[in-house]
Amino acid sequence: MRRTVRGAAFPGSFPIGKKNPRGFALPREHGTRKTRPPFFFMTSDRPSAHRQFVADVVNATPAYDIHTHIYDPAFGELLLWGIDDLLTYHYLVAETFRWLDLPYAKFFALPKVRQAEIIWDKLFISHSPVSEACRGVLTTLNALGFDVKRRDLPALRQHYAKWKVEDFISRVFAVANVRRVCMTNSPFDEIERPVWEKGFNRDDRFLAALRIDPLLLDWENTVPKLRTWGYDVVPDLSGQTFGEIKRFLADWTRRLNAQYCMVSLPPDFQYPGNDTVSRLIDGAIMPHGREQNQAFAMMIGVRRQANPELQLAGDSVGAAEVGAVERLCAAYPRNKFLCTMLARENQHALCVAARKFRNLHVFGCWWFLNTPSLVDEITRMRLELVGLSMTPQHSDARVLDQVIYKWQHSRAVMANALADKYDDLIKVGWEPTNADVARDARDMLGGALERFLVS
Ligand code: FIX
Ligand code: ZN
């Protein structure tokens with residue numbers, strides 16, 4: 001018997017065994033309210049109906065993936081997809097070099113298909129693919145209906161060759177149950193900028209975020225570019241510079257319909273500081289954010305190019321100072337901030353910061369934190385410290401297909417953590433309704449962030 005969840009603000013229906021509008025609908029064998037099984041039953045090895053229901057709702061709730069590196073198909077080659085792009089993901093490149101004698105430069109000089117073959121051989125054939133990034137490839141292929149046990153790379157390539165990109169996008173969005181994704185869009189990217197300048201018909205599943213790393217972190221080399229594009233800026237930030245930066249940001253916000261403005265920052269990021277970054281934040285980024293009602297997203301803790309020979313795979317992590325985020329939130333109560341931090345050590349203090357500042361929205365388990373054990377730890381910590389006013393996860397997918405595994409793996413962990421929290425509530429007599437579960441799942445899967453952005 002299938003019944004639509006009562007009062008749910010999301011599409012879809014879920015199997016419910018017994019009508020009980022006041023609480024979870026339990027299958028008959030689990031008893032009526034009076035005979036509801038005790039708490040230990042719900043946490044036993046056998047998943048209870050409650051837990052299965054929460055998992056079903058989380059799986060059936062379409063996600064808004066708030067930070068990715070995939071592109072609207074109008075960007076052509078910039079949208080990566082398919083088995084060779086999956087295998088040459090920089091997470092897997094880094095892992096492959098642990099088994100490889102080849103000099104870095106020789107590997108990167110090889111054509112992509114050859115790199116993919118080496119990675120397949122080292123990480124999938126010569127050793128079991130147990131790392132999260134390896135498992136992700138298999139989750140993805142399996143969800144797309146490929147027979148992974150054949151271990152047959154040429155056959156996988158043949159399967160992929162049958163897809164047209166437009167159809168494949170729809171297939172991935174459906175399999176991943178993702179309703180829309182936010183891209184990372186840089187006006188400083190030589191391939192991307194002309195596409196925006198020329199204009200194109202937007203695919204409304206792909207939203208944009210304005211990425212400004214060079215502006216904040218490499219001001220000296222950004223000045224000549226802005227001047228070439230017609231903005232009257234000078235290196236010492238005097239004269240019209242702040243106003244012109246604001247004009248640049250406003251122009252690109254409009255062009256992209258940017259959902260937020262974004263930067264990645266090193267572990268030593270400080271605020272306030274007697275440096276260009278702080279002056280740019282005060283003089284241009286914050287006024288721009290208020291004028292446009294646009295949130296400023298900070299991804300903090302990346303140590304770029306710890307091993308430059310690894311290219312894109314060469315970045316590392318460092319613990320940052322959460323106090324800098326707090327001081328920024330305190331200095332600009334009328335600005336909105338999104339923040340994710342890369343170091344595990346920063347997660348607790350970041351939750352505490354979110355408790356102190358309602359203009360701060362914490363999101364995602366970024367990069368090296370996107371492993372099931374760490375997503376579990378961090379999601380539980382966030383639920384316990386800030387409740388549902390945060391966004392547990394984003395995919396950071398660089399290859400379209402990855403959206404499938406990133407969400408499948410994260411949803412499983414999120415559903416478990418949420419079900420445990422409901423179990424705790426049920427134990428003391430609170431009865432989460434079906435509509436409550438639907439609302440909470442929607443919030444966790446992008447809804448809370450959407451509300452924050454328009455607030
Ligand atoms: O700065 C970022 O947005 C990072 O997510 C990327 O630079 C990084 O390479 C990545 O793909 C992490 O998942
Ligand atoms: Zn990213």
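Only the coordinates and a few stated rules stand behind these numbers; no lab work does. This one's a predicted model, so the numbers in the text were calculated from it and none came from an experiment. As a convention, Cβ positions derive from the backbone with ideal geometry for all residues, glycine included, and neighbour counts pool all protein chains shown.
Which of the residues that make up region 373-391 are away from ligand 2 (no atom under 16 Å from the Cβ) and not in a helix (DSSP H, G or I)?
Listed by number, the residues that qualify are 387, 388, 389, 390.
Can you find a residue that is part of a helix (DSSP H, G or I), within 24 Å of residue 69 (Cβ to Cβ), within 16 Å of ligand 2 (Cβ to nearest atom) and among the aliphatic types (A, V, I, L, M) anywhere in region 359-372?
Just the residues of region 359-372 that are part of a helix (DSSP H, G or I), to begin with: 367-369, 372.
Among the residues that remain, those that are also within 24 Å of residue 69 (Cβ to Cβ) are: 367-369, 372.
From the residues that got through so far, the ones that are within 16 Å of ligand 2 (Cβ to nearest atom) too are 367-369.
Within this subset, residues satisfying the condition of being among the aliphatic types (A, V, I, L, M) are 369.
Looking through region 359-372, at least one residue is part of a helix (DSSP H, G or I), within 24 Å of residue 69 (Cβ to Cβ), within 16 Å of ligand 2 (Cβ to nearest atom) and among the aliphatic types (A, V, I, L, M).
Pairs, please: C-beta under 6 Å, at least 6 apart or cross-chain, first residue assigned to a helix (DSSP H, G or I) and in region 74-96, second of a type in the set (Lys, Arg)?
Sorted first by the residue in region 74-96, then by its partner, the pairs are 83/157; 84/112; 96/122.
Do you know which of the residues in region 343-366 that are under 14 Å from the mean Cα position of the chain (by Cα) and free of Cβ contacts under 8 Å to residues at least 60 places away in the same chain is nearest to ligand 1 (Cβ to nearest atom)? Walk me through it before giving the result.
Just the residues of region 343-366 that are under 14 Å from the mean Cα position of the chain (by Cα), to begin with: 361-366.
Then drop every residue that is not free of Cβ contacts under 8 Å to residues at least 60 places away in the same chain, which leaves 362, 365.
Values: 362: 16, 365: 10 Å.
Residue satisfying both the conditions and the ranking: 365.
So, in region 304-313, how many residues would count as being within 15 Å of ligand 2 (Cβ to nearest atom) and either free of Cβ contacts under 8 Å to residues at least 60 places away in the same chain or over 22 Å from the mean Cα position of the chain (by Cα) (or both)?
Looking only at that region, the number is 1.
Which condition number does residue 209 fail, the rest of (1) buried (at least 17 other Cβ atoms within 10 Å of the Cβ); (2) assigned to a helix (DSSP H, G or I); (3) among the hydrophobic types (A, V, I, L, M, F, W, C) being met?
(2)
Within region 126-183, take every residue that is among the aromatic types (Phe, Trp, Tyr) and either touching a helix residue (DSSP H, G or I) at 6+ places or on another chain (Cβ under 8 Å) or outside any helix (DSSP H, G or I) (or both) and give me the one that is farthest from residue 376 (Cα to Cα). Steps first, answer last, please.
To start, the set of residues in region 126-183 that are among the aromatic types (Phe, Trp, Tyr) comprises 146, 160, 163, 168, 173.
Now drop any that are not either touching a helix residue (DSSP H, G or I) at 6+ places or on another chain (Cβ under 8 Å) or outside any helix (DSSP H, G or I) (or both), which leaves 146, 160, 163, 173.
Values: 146: 28, 160: 33, 163: 35, 173: 24 Å.
Ranking the candidates gives 163 first.
Select from region 212-265 the residues that are acidic (Asp, Glu), within 28 Å of the chain's Cα centre (by Cα) and surrounded by fewer than 17 Cβ atoms within 10 Å (Cβ to Cβ) and list them in ascending order.
First, the residues of region 212-265 that are acidic (Asp, Glu): 213, 218, 220, 232, 236, 244, 251.
With within 28 Å of the chain's Cα centre (by Cα) added as a condition, the list becomes 213, 218, 251.
Once the filter is applied, which keeps residues that are acidic (Asp, Glu), within 28 Å of the chain's Cα centre (by Cα) and surrounded by fewer than 17 Cβ atoms within 10 Å (Cβ to Cβ), region 212-265 yields 218, 251.
I'd like the full set of residues that are outside any helix (DSSP H, G or I) and within 15 Å of residue 258 (Cβ to Cβ), limited to region 212-234.
Going residue by residue through region 212-234, those that are outside any helix (DSSP H, G or I) are 212, 218, 229-234.
Answer for region 212-234, where residues must be outside any helix (DSSP H, G or I) and within 15 Å of residue 258 (Cβ to Cβ): just 212.
Identify all residues within region 98-153 that are among the β-branched types (Val, Ile, Thr), buried (at least 18 other Cβ atoms within 10 Å of the Cβ) and farther than 22 Å from residue 175 by Cα; write none if there are none.
Correct list: 118, 119.
In region 243-291, what residues are in a loop (DSSP other than H, G, I, E, B), more than 16 Å from ligand 2 (Cβ to nearest atom) and not small (Gly, Ala, Ser)?
Here is the first cut: in region 243-291, the residues in a loop (DSSP other than H, G, I, E, B) are 257, 266-275.
Now restrict to residues that are more than 16 Å from ligand 2 (Cβ to nearest atom): 257, 267-275.
Result: 257, 267, 268, 269, 270, 271, 272, 274, 275.
Across region 90-111, which residue is nearest to ligand 2 (Cβ to nearest atom) among those that are among the aromatic types (Phe, Trp, Tyr) and farther than 18 Å from residue 127 by Cα?
Going residue by residue through region 90-111, those that are among the aromatic types (Phe, Trp, Tyr) are 91, 97, 99, 104, 107-108.
Narrowing further to those that are farther than 18 Å from residue 127 by Cα: 104, 107-108.
Working: 104: 23, 107: 23, 108: 21 Å.
Once the filter is applied, the top-ranked residue is 108.
Restricting to region 400-449, give me the number of residues that are surrounded by 23 or more Cβ atoms within 10 Å (Cβ to Cβ) and not in a helix (DSSP H, G or I).
Selection size over region 400-449: 2.
For region 282-333, which positions are within 16 Å of ligand 1 (Cβ to nearest atom) and among the hydroxyl-bearing types (Ser, Thr, Tyr)?
316
Taking the condition of being away from ligand 2 (no atom under 16 Å from the Cβ) and under 23 Å from residue 278 (Cα atoms), how many residues in region 321-348 meet it? Before the answer, list the steps.
Start the filter on region 321-348 by keeping residues that are away from ligand 2 (no atom under 16 Å from the Cβ), which leaves 321-337, 344-348.
The next check asks that each one be under 23 Å from residue 278 (Cα atoms); those that pass are 321-337, 346.
Qualifying residue count for the region: 18.
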